[in-house]
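Right, one structure below, let's go through it.
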Amino acid sequence: MGLQEYFAQLSRGVDLVAECSGLSAPDLEKMGASTQDAAELIGLHAIYFGPTPYTGKQRSAIDAARRNGHCLSTLHHIESFTRRAQGRLATWNLRVELCSTPGEHVTAVARRRLREMRVPREYCERAMLRQHPNGLATLTVTGNGLDMADAFRTIDHKRPGESFVARMLGKAGAAPAGRTRVTTMAVLQLEDYGKLVRRERDDVMVRTTSGVVVTGAQLVERACAGEGLITVISRAQGAVDLYRFDRFASLKQRTMLAAEHPTCAWPGCNTPAERGQFHHLTPWKHGGETNVANLVTLCNYHNGVNDDDPNAPPRRGRLTREGGKIIWQPPPGDKVSG
Ligand SMILES: [Zn+2]
């Protein structure tokens, strides 16, 4: 057989498979096939010409393989991928698709499709260690998303193994494990940590910069463990809070508000918050809620002069929240503050 004839035969792999009808592997070996070739041919014959509930797909696969001139080794290569599909239908769908794919693209298409078919894994807490022949080892730990993100951040990526172990085992050069407890007020700018996803019944959901979705409470707890009192303020939305309270601001709210405005929020006034009052931007009697978004620190004087009632004649202007910030709205026709 000349080369030309050989190549012509090669391109009709599925027809060669068809010729195995009624033959067994030993029959093929008697005809001169190697043990491996015989086994492969019989295997392919069972797939392409054996009984299956998916006769339509079987026919499509044969036609497509013929059209693309897939040789025996390509058909065999295709099976190395279809083996990894879950279930007979998915296996057939993948086989038909790969038979319909030009030989040089089979691998790329198969990998992409298998990746798409992969069922999302159910993760649970665990730890794994793999030792490598060169003396290194890989430690894989699955745990709380926030803790893991925190732990990951502490790794020095120039020397990840060394820095990680130093922290874990408390070797020299690591930061002290227990931080000094100080009671300070910290203002947490939400945007530095993530994005407000949605408000839920009694908290806010925040997508952190590491992609983990947490509640506002968790975020504060994480970001500020041991830091004392915290308030979360969004640059876009002002103090982030969803709690409904009664007429008077709670201690927690006062704390948050004082963090946002350590002094009276009226322009130019420096009276400290602890000597002031908490003012409803939309008055309580007009339906304004006692939540942080509707409250602001004002000194007694400015609380008194603020034009609370939108229906009353304007006098000194009023404070309002706009884009997350407290601004002073002058009375109509007036340009002077104070
Ligand atoms: Zn004031």
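The values are calculated or read from the model by the stated rules, or taken from the named source; none is laboratory data. As the structure is a computational prediction, the values presented were derived from the model and not from experiment. Note that we place each Cβ from the backbone using ideal geometry, even for glycine, and neighbour counts take in every protein chain shown.
Taking only region 260-295 into account, find how many residues are of a type in the set (A, V, I, L, M, F, W, C), more than 9 Å from the ligand (Cβ to nearest atom) and outside any helix (DSSP H, G or I).
3
Among the numbered conditions (1) modelled with pLDDT under 85; (2) surrounded by 16 or more Cβ atoms within 10 Å (Cβ to Cβ); (3) farther than 27 Å from L196 by Cα, tell me where W266 comes up short.
Result: W266 passes all but (1).
Go through (1) assigned to a strand (DSSP E or B); (2) within 16 Å of the ligand (Cβ to nearest atom) and name the single condition R321 misses.
If we test R321 against (1) assigned to a strand (DSSP E or B); (2) within 16 Å of the ligand (Cβ to nearest atom), just (2) comes out false.
Could you tell me which of the residues T231, T255, T282, T215 is at pLDDT below 70 and either out of contact with any helix residue (DSSP H, G or I) (no Cβ under 6 Å at 6 or more places or on another chain) or polar (S, T, N, Q) (or both)?
Only one candidate passes the filter, namely T231.
Would you check which residues across region 97-125 are outside any helix (DSSP H, G or I) and not polar (S, T, N, Q) and list them?
Across region 97-125, the qualifying residues are P102, R118, V119, P120, R121, E122, Y123, C124, E125.
Could you tell me which numbered condition F7 fails, if it satisfies all but one of (1) loosely packed, with under 12 Cβ neighbours inside 10 Å; (2) within 30 Å of V119 (Cα to Cα)?
Unmet for F7, out of (1) loosely packed, with under 12 Cβ neighbours inside 10 Å; (2) within 30 Å of V119 (Cα to Cα): (2).
Within region 256-286, how many residues are over 38 Å from the mean Cα position of the chain (by Cα) and without any contact (Cβ under 8 Å) to a residue 24 or more places away in the chain?
Final tally of qualifying residues: 4.
Assess whether E97 counts as being modelled with pLDDT under 85 and acidic (D, E).
Working: modelled with pLDDT under 85: no; acidic (D, E): yes.
Here the answer is no, as E97 does not meet what is asked.
For region 14-31, which residues satisfy the criterion of being in contact (Cβ under 8 Å) with a residue 24 or more places away in the chain and farther than 19 Å from N68 by Cβ?
Of everything in region 14-31, those that are in contact (Cβ under 8 Å) with a residue 24 or more places away in the chain and farther than 19 Å from N68 by Cβ turn out to be C20, S21.
Name the residue that is surrounded by the fewest Cβ atoms within 10 Å (Cβ to Cβ), counting only residues in region 296-317 that are acidic (D, E) and within 16 Å of the ligand (Cβ to nearest atom). Quick ask: steps written out before the conclusion?
Looking only at region 296-317, we keep the residues that are acidic (D, E), and these are 307-309.
Applying the additional criterion that residues be within 16 Å of the ligand (Cβ to nearest atom) yields 307-308.
On the way: D307: 16, D308: 18.
Only one residue tops the list, namely D307.
Just a yes or no: is a residue in region 126-135 modelled with pLDDT under 85 and either touching a Ser or Thr at 6+ places or on another chain (Cβ under 9 Å) or under 30 Å from E79 (Cβ atoms) (or both)?
No: zero hits.
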